[in-house]
Amino acid sequence: MRSIFKNKLKFLIALSAVVIFFNEVAVYWLASLNWPSIHKNSLFYYKNGSIIHDLNDRPVRLLLVADPQLIGENDEPWFIGWLARWDADRYLRSCFVLANSYTKPDATLYLGDLFDEGLKATDEQMDRYFKRFESIFHTHKMFHDYGIKQIFISGDNDVGGEYFGDRNNRLEKRFEKYFGPNVDMIKFNSYIKFLKLDLDYTSNFYSGNNRKHVQSLINKNVRNENDMDDDKEKYTIILNHISLIRTEPEQLFNLNKDTGSGLIIKGDSHLVNIKLLNKENE
């Protein structure tokens, strides 16, 4: 009887180990096997069977990370919060490792709402959140060791902006301390620039000081473009957390007129969709 009990116990332990391994490790890898191949010699970033390494001579690959919303320390029950944070962080890390390995990106774009409790967090908590963020996405290593550009924009869960009065300068400056300017023009290569915006639900969108600030960034960038190839068409990619196409058509037209942008990338909705706009009839 004791021998049967031991055998059953061993079987249950082994079965539990297999189930845990499958659900916590193997399932991610198996899911990635269904992704279409983007590393074939026939694709456009190859020439004569070899990959084109010069970013100025080929299309670029972008990895989008939208709304990771790292769980904070305030909203979860104290007795389970530590487990929820550990499990969610591990899930994000596992998914990111596979996505990064799959795309082999030239740049990773973090599209806001990096944290779930950015508005509630104390400075000490935000420092811990940032260290967790770095342990998941390894942004410093990705840039300095592998040369993958890391670009961050803020979301309403990071600095406010979903409701009137929940955004303030202190939150904005704190986010910039870790991730750089909230509004910036970044030259990526000889034909792509990224325009980082932080337009939110409560702002005047693209008018007044918001427009003047962007125009000053554009003018400064134009003055510094003398060393760029004149025979290449330039592209400005706009990055913002919330959708910009639901605002007044005139303001969206002005944004496109000032930037010449042909692409807007945003986060927030937790859904993937593509919308095509006619530039002549915004």
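A few notes on this one:
- Residue among Asn157, Asn56 that alone is under 19 Å from Lys196 (Cβ atoms), open to solvent by 20 Å² or more (accessible area, probe 1.4 Å) and in contact with an Asp or Glu (Cβ under 9 Å, 6 or more places away or on another chain): Asn157
- Whichever residue in the range 226-282 is among the basic types (Lys, Arg) and open to solvent by 90 Å² or more (accessible area, probe 1.4 Å) and, among such residues, is modelled with the highest pLDDT: Lys257
- In summary, helices (runs of 4 or more DSSP H) completely within the range 24-143 and bearing 2 or more residues that are touching a Ser or Thr at 6+ places or on another chain (Cβ under 7 Å) and at pLDDT below 95 occur at 78-103.
- Long-range neighbours under 6 Å by Cβ, at least six apart or interchain, first residue open to solvent by less than 30 Å² (accessible area, probe 1.4 Å) within the range 64-91, second part of a strand (DSSP E or B) and of a type in the set (D, E, K, R): none
- Any chance Lys212 is modelled with pLDDT of 85 or more, out of contact with any His (no Cβ under 9 Å at 6 or more places or on another chain), assigned to a helix (DSSP H, G or I) and more than 21 Å from Tyr110 (Cα to Cα): yes
- Top-ranked residue in the range 156-166 [being in contact with a Leu (Cβ under 7 Å, 6 or more places away or on another chain) and not in a helix (DSSP H, G or I); ranked as farthest from Ile265 (Cα to Cα)]: Asp166
- Screening Leu171 with (1) part of a helix (DSSP H, G or I); (2) open to solvent by less than 10 Å² (accessible area, probe 1.4 Å); (3) in contact with a Phe, Trp or Tyr (Cβ under 8 Å, 6 or more places away or on another chain) gives one miss only, at (3).
- One residue from Tyr206, Tyr201 being of a type outside the set (Val, Ile, Thr), modelled with pLDDT under 95, over 29 Å from Asp54 (Cα atoms) and open to solvent by 50 Å² or more (accessible area, probe 1.4 Å): Tyr201
- Assessment of the range 161-182 against the conditions (under 30 Å from Thr122 (Cα atoms), at pLDDT 90 or above, in contact with a His (Cβ under 9 Å, 6 or more places away or on another chain) and among the hydroxyl-bearing types (Ser, Thr, Tyr)) yields no matching residue.
- Complete set of residues in the range 127-154 that are touching a Gly at 6+ places or on another chain (Cβ under 7 Å) and among the hydrophobic types (A, V, I, L, M, F, W, C): Phe152, Ile153
The values are calculated or read from the model by the stated rules, or taken from the named source; none is laboratory data. Quick caveat: nothing in here was measured; it's all calculated off a predicted structure. Positions of Cβ are backbone-derived with ideal geometry, glycine not excepted, and every protein chain shown enters the neighbour counts. Remember, those area values only see protein heavy atoms, side chains included, never the ligands or the DNA or RNA. Shrake-Rupley method; radii C 1.70, N 1.55, O 1.52, S 1.80 Å.
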